[in-house]
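First the structure, in the form of structure tokens, and then the observations on it.
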Amino acid sequence: MGTRGRGKVLVVVPAYNEAEAIAGVVASVTRAVPTADILVVDDGSCDATSAVARAAGARVATLPFNLGVGGAMRTGFRHAKREGYSAVVQVDGDGQHDPAFIPQLLAALEHHDVAVGARFAGTGDYVVRGPRRWAMRGLASGMSALMTTRLDDATSGFRACGPRAISVYAQHYPAEYLGDTLETLVIARKSGLTVTQVPVAMRHRNTGRPSHGSARSSVELLRAGCVVMLGLVREWPVIADSSP
Amino acid sequence: MNGDAYWLGVASGFVVVGVVIEMVRRRYLRGRFALVWILLGVGAILLALFPRLLERAATALGVTVPLNLLLFLGSIAMLIMIMQLSAEAGRLRERTRVLAEEVALLRTLVGSADEPRARSIAAEDRDQDSPR
């Protein structure tokens, strides 16, 4: 058990084959929140992600094989809990999330346990059209109703978590598809955590393509529904104690 | 039932039990699973030796064709075992995941002094996994 993180902020960057983008991400996080520690979780990459991230000045945890974002994030939360960090911010390794918004996410933790950076809540020019947009809209209204708070971008991976959320997520962080975004919110709700959203602008990815194209949106929505249902049905222990 | 089919049933029952015992001996099958398989094998031998048992059970349960009872029970048993295996696979997967996460964190503690070697070990691990 360490105490090096006491009261500090840990920025966790899950990265899978992001050797090209990761140095830029680490640099911009450092610029945005100079006091925060950065942990890059290399999710079993085949390229030089670990080496590049380390050279850029981040602490790096290298997973022996690919676990998906969920596994990478739980690694980060474990580390945060052990070292006593007071907040965890997730920033994807592909450069999509703009670290300039991290202070705003952290500010939202004053009154909430989880702050989700939302693309469609007014800021930025991130545009999606057609079926993908409808699917995201439907998902947003469904999740908002379920969570009893407005969530325009429930699948956003750009979020900040306070100490109570760190305790919960260090134990339970789903590895399945969409589990790392949607189901984590359901877990938050079932564990008694409060969730809010912060409007952010997202950049287009520096490298790589989006996870899914517009043609598969209805299937995605269906799967999202299943993930949420599964999250609701599953038992999650309520361990949201106020003293971390 | 004619004589040949009778002995075929008995022989296959013994083959199943023999294979299970050999697998247990070589430690390929362990614990609960070995026990279940041995019980199933013994049941098969008993039914093969005494076909009257099945007929009586069928009459008692009101099943007209005894063979149907056997098939029904057989498929239920298979279903249960498959579910058991699925659950086991999920549990093992979760444990592997936790171990992988812990390994990653431990590596950060051990430090990057031996980084090139760590990378080559990780690459070897990946090669042994099934190619994606």
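Since every read-out is calculated from the coordinates, none of them should be taken as a lab result. None of these values were measured; they are calculated from a predicted model. Quick reminder, even Gly has a Cβ in these numbers, built from the backbone with ideal geometry, and neighbours come from all protein chains shown.
Results, tabulated for the structure shown:
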item: Average partner coverage of A:68-80, which counts Cβ from other chains inside 10 Å; result: 3
item: Order of B:T64, A:T181, A:T149 under a 10 Å beta carbon neighbour criterion, fewest first; result: B:T64, A:T149, A:T181
item: Segment A:11-120: GluC sites (Glu not before Pro) falling in loop per DSSP and having at most 15 other Cβ within 10 Å; result: A:E110
item: Sequence ranges A:173-179, B:78-84, ranked by mean other-Cβ count within 10 angstrom, highest first; result: A:173-179, B:78-84
item: ³J(HN,Hα) computed for each position of segment A:178-184 - Karplus, 6.51 cos²θ - 1.76 cosθ + 1.60, integer Hz, glycine/proline x; result: 6, x, 5, 10, 5, 5, 4
item: Phi-based couplings in Hz for segment B:14-31 (Karplus 6.51, -1.76, 1.60; Gly and Pro marked x); result: 5, 4, 4, 4, x, 4, 4, 5, 4, 5, 5, 4, 7, 6, 7, 10, 10, x
item: Built amide H within the under 5 Å cut-off of A:I38, gap 5+; result: A:V11, A:R59
item: Least to most buried among A:H111, A:H172, A:H97 (fewest other Cβ within 10 Å first); result: A:H111, A:H172, A:H97
item: Karplus-derived HN-Hα couplings along segment A:104-109 (A = 6.51, B = -1.76, C = 1.60, θ = phi - 60°), whole Hz, x at Gly and Pro; result: 5, 4, 5, 4, 5, 6
item: Segment B:51-115 - Rg over Rh from alpha carbon coordinates, Kirkwood radius; result: 1.55
item: 10 Å Cβ neighbours from other chains, averaged over peptide B:92-105; result: 6
item: Inter-probe distance in nm under a simple model that places probes 7 Å from Cα toward Cβ, at B:S86 and A:D47; result: 3.8
item: Peptide-level mean, for A:40-50, of C-beta atoms on other protein chains within 10 Å; result: 2
item: Protection-proxy order for peptides B:31-43, A:182-194, B:87-99, A:44-56, each taking the mean of Cβ atoms within 10 Å per residue, highest first; result: A:182-194, A:44-56, B:31-43, B:87-99
item: Rg and Dmax [Cα atoms of segment A:9-233; Å; Rg one decimal, Dmax integer]; result: 16.1, 45
